[in-house]
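As structure tokens, the structure follows; a few thoughts come after it.
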Amino acid sequence: MAAPASGKGVPNGAGPRGKLRSVGADEPPDPRPLIRVRKGEGHPAIVSSLAALAADDDLYERNQGLVHVVGAPEPAEGDRAPIAAGTPVVRSMAGPTLWERASKAARWERWDGRAGEWVRCDPPPPVLAALLSRGAYPGIRHLTGILEAPGLRPDGSLIFGRGYDPPTGYLCLPTVDIEPPPETPSEKQGRGAMGELREVFQDFPHRDESSRMVPISGLLTLVARPAILGCVPGHGFDASTRGSGKTLQADAVSMIYSGRVPPPMSYPVEDEELEKVLGALALAAPAIVKFDNLTTPFGGGPIDRVLTARDTTTFRVLGRSETPELAWRSVVLYTGNNIEHRGDSTRRVIVARVESPLENPEDRPVAEFLHPDLLGWIKKERGRLLRAALTVLRAFIVAGRPGVGTKTWGGGFESWSALIPPAIVYCGGADPMLSRPAATGDEEPEKAALASVLMGLARLDEDRKGMTVRDIVGRLYQNGKARPADAAPDGWEDFREALESLAPPKQGLAPDPKRLGDRLRTLGKGRVISGARLVSDPGHGGVKRWRVEHVAAKLTPYQELQAQLGIAVTP
């Protein structure tokens, strides 16, 4: 931009025609540090600029880069953003923004060889470029995550008020005034607080009490996230039919914690697309990630990695060729009707199951609800409900974290399972870990799909020489397309359904052979179901050929005698 003809109003002390004038002794003192840049001496300038930037209240280091915290923008018209507008999120520091911050943090001068004196200047672009790509930032505060409500430290003390918490690296940005909980709440006070939280979810027809505790667990997990040194489980909200309140539960948890509801976000069918979505969310670092109305099984490599991320994990990020390692501290919520889980996700989630006795739950009379406008009521009661959540946690902690009969959950969930479930049980609730799909038997759809694959492949592979995955797909689908809905039955419907369950295809297409092969190797190889198992033999060019092998059960001595004599033998 051209400099004004007059020196009036010219920034940075520029004189007429935009020339930089030397630093004058008659100017008022400037408290900012002075950084002088001389050609060939860039390193001292970089070190000095880091020291100056350390005083910036909104500058942090995360994922080996400089970041700051902003409110998520309003989505463009027609777009569906995964994060609600106004949600505090992390944004990587752009060059122009760093130029602004550096200009504010220090006074900059360069040596003018002709004049033989120091003159004012802007932060030099090479210094800014070096800062952005440096990767290490001594003196700059590390940002672990963002809290939208008071939180809990690993030692059980509270993160209260607004601002950065040095012991945990969390930035607390509460959106409601909260009265501090009792300093040493009693068990009775903890049980009273649990009653306040139960009231929120009283109107939902949960299958059992452990299901009713899942949304409460979700809220306590969000509040206690800084105290949990490890991963936290996904919190699912499942329903037997639409209109039962699965999404409303997830929204209630979010409304209590942040005062807003996450926008509906679809769960991607393809793992590659899911990984890109999760990578973008890892960069933004919202406290809550919500997938709504799942139509495909929940699970797969990308989501399993974030659910077991003790601190960081790798992602494919949209627009980048590399797979960077990024921090993950968000809590995952997901909703759906009759949700199926695949892979190891059954052992990484807890699920609230609601089963309405009504054919059309949405027609339930308003008079039957304790809180007909639940989210509106929560908005008014947020401060009290968050105080109740803190009271439940503190009551358990000040009691000495007594044993209450809950079990340890391994695989990285040890810290979570030592705090959230026992705190709930101590204050009178049921154990939310009893709602894990692996504990309730809800993981069986995957086992049933593998059983159908075994039966289907045994029929299709008539000569028992084995078949490649591409051969299997080619025999069951024409030209890589999905079978038309009006096609006449051919006896392979169950086999196709099982393959599509294990490797959900894109709309109108057959399952992808590569993805299906990966799923068979991960889930089915060597697993015995009903006396049979999948085995793979190396074929031409290293392509595996799959076949079914029947496994002879080991007989007890009495069963062997019975087989020999042909009669029943009683031991």
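Annotation note: of T184, T144, T175, the sole residue that is touching a residue at least 40 places away in the same chain (Cβ under 8 Å), in contact with a strand residue (DSSP E or B) (Cβ under 6 Å, 6 or more places away or on another chain) and open to solvent by 20 Å² or more (accessible area, probe 1.4 Å) is T144. Considering the stretch 470-499, and only residues there that are in contact with a Gly (Cβ under 9 Å, 6 or more places away or on another chain) and among the aromatic types (F, W, Y), the residue that is nearest to K447 (Cα to Cα) turns out to be F495.
Output the residues belonging to the stretch 269-291 that are modelled with pLDDT of 95 or more and of a type in the set (D, E, K, R). Passing the criteria: only K290. Consider the stretch 410-428 and keep the residues that are touching a residue at least 60 places away in the same chain (Cβ under 8 Å) and open to solvent by 10 Å² or more (accessible area, probe 1.4 Å). The one that is farthest from W328 (Cα to Cα) is G428.
Within the stretch 222-263, how many residues are of a type in the set (K, R) and under 17 Å from R310 (Cα atoms)?
First, the residues of the stretch 222-263 that are of a type in the set (K, R): 225, 242, 246, 260.
Now drop any that are not under 17 Å from R310 (Cα atoms), which leaves 225.
Result for the stretch 222-263: 1.
Could you list, in sequence order, all residues of the stretch 393-409 that are open to solvent by 50 Å² or more (accessible area, probe 1.4 Å), among the basic types (K, R) and within 17 Å of L158 (Cα to Cα)? Answer for the stretch 393-409, where residues must be open to solvent by 50 Å² or more (accessible area, probe 1.4 Å), among the basic types (K, R) and within 17 Å of L158 (Cα to Cα): just R401.
Got a number for residues in the stretch 147-172 being open to solvent by less than 40 Å² (accessible area, probe 1.4 Å) and more than 21 Å from D57 (Cβ to Cβ)?
Filtering the stretch 147-172 down to residues open to solvent by less than 40 Å² (accessible area, probe 1.4 Å) leaves 147-152, 156-157, 159, 161, 163, 165, 168-172.
Then drop every residue that is not more than 21 Å from D57 (Cβ to Cβ), which leaves 152, 156-157.
Count: 3.
The residue that is surrounded by the most Cβ atoms within 10 Å (Cβ to Cβ), among those in the stretch 337-392 that are within 21 Å of the chain's Cα centre (by Cα) and either at pLDDT below 85 or among the hydrophobic types (A, V, I, L, M, F, W, C) (or both), is A352. Check whether at least one residue in the stretch 225-240 is at pLDDT below 95, open to solvent by 10 Å² or more (accessible area, probe 1.4 Å), farther than 25 Å from P181 by Cβ and assigned to a helix (DSSP H, G or I), and report yes or no. No, the stretch 225-240 has no match at all. The listed residues are G243, G195, and the only one of them that is at pLDDT 95 or above, within 25 Å of A367 (Cα to Cα), open to solvent by 30 Å² or more (accessible area, probe 1.4 Å) and not acidic (D, E) turns out to be G195. Taking the stretch 87-106 as the range and being open to solvent by less than 70 Å² (accessible area, probe 1.4 Å) and more than 30 Å from S254 (Cβ to Cβ) as the test, the residues that pass are G95, L98, R101, A102, S103, A105, A106. Residues in the stretch 460-477 that are open to solvent by 100 Å² or more (accessible area, probe 1.4 Å) and modelled with pLDDT under 90: 3 in all. For the stretch 462-521, a residue qualifies if it is among the aliphatic types (A, V, I, L, M) and part of a helix (DSSP H, G or I), and the qualifying residues are V469, I472, V473, L476, A498, L499, L502, L516, L520. Could you say whether any residue in the stretch 528-541 is assigned to a helix (DSSP H, G or I), of a type in the set (A, V, I, L, M) and at pLDDT below 85? For the stretch 528-541, residues assigned to a helix (DSSP H, G or I), of a type in the set (A, V, I, L, M) and at pLDDT below 85: absent.
Looking only at residues in the stretch 250-268 that are open to solvent by less than 50 Å² (accessible area, probe 1.4 Å) and closer than 18 Å to H341 by Cβ, the one that is modelled with the lowest pLDDT is P268.
Tally the residues that are at pLDDT below 75 and either within 47 Å of the chain's Cα centre (by Cα) or open to solvent by 80 Å² or more (accessible area, probe 1.4 Å) (or both), restricting the search to the stretch 543-571. Working first, answer last.
Narrowing the stretch 543-571 to residues at pLDDT below 75: 551-571.
Next cut, either within 47 Å of the chain's Cα centre (by Cα) or open to solvent by 80 Å² or more (accessible area, probe 1.4 Å) (or both) only: 551-555, 557-560, 562, 564-565, 567-568, 570-571.
Residues flagged as at pLDDT below 75 and either within 47 Å of the chain's Cα centre (by Cα) or open to solvent by 80 Å² or more (accessible area, probe 1.4 Å) (or both) within the stretch 543-571 amount to 16.
Of the strands (runs of 3 or more DSSP E) lying entirely inside the stretch 53-142, those carrying at least 2 residues that are of a type in the set (A, V, I, L, M, F, W, C) are 65-71, 88-92, 107-112, 117-120.
The values are calculated or read from the model by the stated rules, or taken from the named source; none is laboratory data. Since the structure is predicted, the reported quantities are computational estimates derived from the model, not experimental observations. Neighbour counts are summed over all protein chains in view; Cβ atoms, including those assigned to glycine, are modelled from backbone coordinates with ideal geometry. With ligands, DNA and RNA removed, areas are computed over all heavy atoms of the protein, side chains included. Shrake-Rupley method; radii C 1.70, N 1.55, O 1.52, S 1.80 Å.
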